[in-house]
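See structure below.
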Amino acid sequence: MTKPDNRRNGDPGAHFQGHIEQLIKDSTPWWPQTKSQRVHGKPNVVVIYLDDLGFSDLGCYGSEIATPHIDALAAGGLRFANYTTVPMCSPARAALLTGKNPHSVGCGWIAHANPGFPGYSGEIAPDAPTLAEILGDEGYSTMMVGKWHNTWSHNVHEAGDHSSWPLQRGFDKFYGFMDAETSYFQPERLYEGNNPVEVDAYPDDHFATDDWTNRAIRWMKEHHASEPDHPFFLYTAFNAPHMPIQAKAQDITKYKGRYNQGWNVFRQARFERQRAMGLLDERHQLAPLPPGVPEWDSLPAERQELFAKYMELYAALVDNIDQNVGRIVGFLKDAGLLDNTIIVLSSDNGASAVGGLEGTPNYVDQREGQPVDHARALQMARDGSLGQDESLPAYPTGWAQVSNTPFRFFKRTPLNGGIRVPFVLHWPDKIKDAGAIRREWIHVTDVTPTLLDVLGIAHPQSSHGFDARKPDGVSFAPMLVDGSAPTQRSRQHYELEVNRAYIDGSWKIASLQPRGGVIASLDNWMLFDLATDPCETTDLAAQQPERVARMAAAFDADARANYVYPLDNRALERAVTIPPFMADTVNRPRTFFAGTPTVARAIVAPLLGDRHFTIRSRFDWQPGQEGVIFAIGEAFVGLVLYVMDGQLHFVFHRWMSPVELPPVALVAGAQDVVLEYRALGQRRGEGRLLVNGIETVPYTGMSPTIIGIHVEGIDIGMDRRQRVSHRYASKRTFPYTGTIDRVVIEPGPQAPGSIINSIEANIHRQRD
């Protein structure tokens with residue numbers, strides 16, 4: 001029988017290679033090779049990405065923290081002593097997944113802002129395929145759990161553009177959150193795929209890292225039962241140990257009193273262990289403590305007590321990470337998959353100094369310039385509530401420097417404390433010198449090219465209808481089997497908030513700038529010889545100005561080619577300013593009906609941010625009815641209107657300093673309740689309450705004004721997950737038992753001199 005001329009791509013017979021006759025007995029079947037067949041026998045890939053973990057925070061990198069499961073991966077695989085990443089989370093994740101320099105794919109800063117320049121869209125460019133997309137197209141099953149943080153905040157809601165969400169960037173399954181940080185006990189609204197997970201309140205024993213691991217193992221079990229020979233890619237993006245440093249009580253107990261000797265002692269001890277295990281050599285000299293960090297013994301006793309508690313929490317959080325890594329590895333071993341699975345474990349950047357010199361029990365207040373309540377923090381440390389859900393702790397700078405031992409400085413800087421982190425690779429089928437240390441330089445952009453190389457998968461020619469740009473990274477696959485294999489890279493640029501660096505061979509220039517200040521000079525380069533001074537203790541810039549000039553010119557060329565410019569060191573205002581094209585959206589009244597699921601923070605926060613606003617609530621009340629009418633945010637920054645004991649209550653909550661307006665007795669029937677808030681400038685504000693057109697509470701101080709909401713948006717008819725007020729804590733979500741019609745937020749003018757304005761106005765103000 002003559003084969004029909006079927007040339008249309010979709011025709012089922014177009015590419016048929018069998019033989020067809022009238023009868024089945026005379027015909028020959030044929031099946032095209034499936035993706036699953038194409039990758040049959042290839043190794044699984046598991047990437048475990050930690051968040052703000054410093055170079056020395058694992059036992060196998062010198063820590064006293066118990067990490068036996070990660071240490072076992074290192075003992076059965078390889079440790080890399082000279083792996084560098086980039087100084088912040090969103091850029092690092094983009095670089096890891098694409099093999100591209102982060103600015104070149106639009107991810108030069110965190111995903112909260114889009115200032116209108118190509119290097120800073122907050123989302124991975126469509127012509128840069130992700131590792132998940134590449135492996136998925138080859139036939140791998142792909143899943144992600146945990147923290148994404150590569151979608152612009154204003155697209156993180158149900159009606160937003162989903163083109164940069166995990167499922168649209170190559171993952172078959174996703175379970176986690178989209179933002180920078182969240183509570184470990186009561187996380188913000190989670191997503192499964194593109195859909196929000198409707199959880200009103202988490203169980204008392206919920207812990208985010210455990211939850212990510214539960215989902216990862218559940219999915220691997222399902223996959224193994226269905227297609228045991230089909231390889232998978234699992235991206236486990238733990239948000240730990242990122243702030244808030246919250247931990248489970250049983251883990252905290254292990255470290256009680258452990259850190260009373262202070263950061264000087266522990267930094268020295270980690271340094272000595274690193275030398276003893278061969279990670280460091282005589283060239284490494286312990287960098288001095290950063291400016292402002294006191295010697296531990298100079299601190300008052302109460303400060304020592306409090307500061308030691310912060311580190312106990314951090315150690316407990318790292319310990320929990322290790323327990324969950326052990327669970328993942330345990331399943332792979334039980335299923336007979338471990339030997340043929342490539343496990344990569346690393347951190348997105350170095351440890352963070354966001355807690356400042358004295359740490360903080362509430363990062364939101366610290367971020368917005370409010371004074372740290374050390375007395376309250378110490379009380380919480382003593383009663384066991386510090387590090388639980390009612391706090392958002394961050395440890396002091398001194399402990400961050402311990403985490404980054406032996407290097408200088410922290411996350412957000414391109415000195416080695418910000419970019420040198422652990423990197424462990426485990427692959428029993430191929431690694432023959434288990435437990436070895438690799439000392440050659442590799443970079444985060446090298447990870448995807450290396451994985452593709454060892455898997456025998458070519459980088460695609462196209463991506464999302466565009467010609468695909470090739471990775472900037474280079475494969476270090478030879479290092480996996482040959483300890484003497486040299487590095488394939490010699491140069492790399494770094495930039496974050498005008499903090500810049502450039503490495504050329506063994507030479508490095510670096511420049512630091514204060515956040516939020518005026519950029520005085522771009523020529524304040526330091527010069528380090530990494531061959532003799534890997535801890536960057538001696539600045540040679542004054543001795544070799546010609547070398548500095550050449551390397552600065554090379555940085556400039558790379559910066560221009562990778563969309564690093566324009567440089568921007570604005571701090572909070574960079575994250576909260578709104579592009580002009582969104583002005584109509586954020587100035588438009590919003591109506592929220594009863595039964596509406598939690599509306600995202602990105603929608604709600606701009607309606608309230610340092611501006612006049614009115615919130616009108618319409619509902620019916622009859623005696624005996626009670627509950628929350630609306631709840632915005634959480635206890636750290638939040639507003640709630642609720643009914644209890646026949647009275648109307650309004651609370652403006654700023655952690656431990658809530659403003660509670662006098663309660664109003666209700667009369668049965670329809671209620672029209674209006675909160676009028678006016679922003680007075682300099683973060684001052686006041687509000688009054690009207691019930692059915694009558695002023696029941698005159699203007700009362702409600703300062704400081706809201707700049708942003710931490711994680712939660714608005715709930716109508718209950719207070720989901722993180723509560724705004726503890727007044728109704730025993731009632732959990734406290735659902736309203738009457739009928740709610742709607743809640744309307746009407747945004748008004750910005751406060752005089754507000755940092756929240758259009759990006760264009762913000763830039764003009766800087767120029768002036």
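Every read-out reported here was derived from the displayed coordinates using simple, explicitly stated rules and does not represent laboratory data. As the structure is a computational prediction, the values presented were derived from the model and not from experiment. We place every Cβ from the backbone using ideal geometry, glycine too, and count neighbours over all the protein chains shown.
Summary of computed values
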item: Peptides ranked, highest mean first, by Cβ atoms within 10 Å: ranges 533-541, 348-356; result: 348-356, 533-541
item: Inter-label distance, nm, simple model (7 Å from Cα along the C-beta direction), ARG684/SER462; result: 6.2
item: J(HN,Hα) series, segment 559-572, from Karplus relation 6.51 cos²θ - 1.76 cosθ + 1.60, nearest Hz, glycine and proline x; result: 4, 5, 6, 10, 6, 5, 7, x, 6, 8, 10, 4, 9, 4
item: Segment 235-380: radius of gyration and largest Cα-Cα distance (Dmax), Å; result: 18.2, 54
item: Part-to-part distance (alpha-carbon centres) for segment 637-659 and segment 298-352, which is given in Å; result: 37
item: Per-q log10 I(q)/I(0), segment 581-767, q = 0.12, 0.14, 0.15 Å⁻¹ (Debye; single scatterer per alpha-carbon; no solvent); result: -0.53, -0.72, -0.83
item: Unit charges at the beta carbon, dipole of the chain: most positive-side option, TYR259, ASN524, TRP296; result: ASN524
item: Segment 278-307: GluC sites (Glu not before Pro) falling in loop per DSSP and having at most 16 other Cβ within 10 Å; result: GLU282, GLU295
item: If the convex hull is drawn through the Cα atoms of segment 1-99, its volume per residue in Å³; result: 191
item: Segment 176-261: trypsin sites (Lys or Arg not before Pro) falling in loop per DSSP and having at most 14 other Cβ within 10 Å; result: LYS254, LYS256
item: Net length gained if the chain between SER506 and GLN268 were fully extended (0.36 nm per residue, minus Cα distance); result: 83.1 nm
item: Rounded to whole Hz, the Karplus (6.51, -1.76, 1.60) HN-Hα couplings of segment 95-106, x for glycine and proline; result: 5, 4, 7, 10, x, 10, 4, x, 4, 5, 10, x
item: Amide H contacts under 5 Å for SER463, placed H, 5+ residues apart; result: ALA468
item: Shape category assigned to segment 18-171 from the gyration tensor of Cα positions, a/c cut at 1.5; result: oblate
item: Residues with amide H under 5 Å from that of LEU648, placed H, sequence gap 5 or more; result: VAL664, ALA665, LEU666
item: Efficiency of FRET between ALA594 and ALA729 - r from beta-carbon atoms, R0 25 angstrom, step 0.05; result: 0.60
item: Ratio Rg/Rh, restricted to segment 44-480 and using Cα atoms, in which Rh is the Kirkwood radius; result: 0.95
item: Qualifying trypsin sites (Lys or Arg not before Pro) for segment 403-433 [loop in DSSP, other Cβ within 10 Å: at most 11]; result: LYS432
item: Under 19 Å from LYS221, Cα to Cα: lysines that are on another chain or at least 8 residues apart; result: LYS42, LYS173, LYS333
item: Between segment 270-285 and segment 374-452, the alpha-carbon center distance in angstrom; result: 17
item: Positive-end residue, segment 557-668 charge dipole about Cα centroid, Cβ charges, pick of ALA557, PRO580, THR591; result: ALA557
item: Relative pair counts by distance (%), Cα atoms of segment 492-573, 5 Å bins; result: 3, 15, 25, 25, 17, 11, 3, 1, 0
item: Most positive-pole-ward Cα, LEU97, GLY119, PHE16, against dipole of the chain from beta carbon charges; result: GLY119
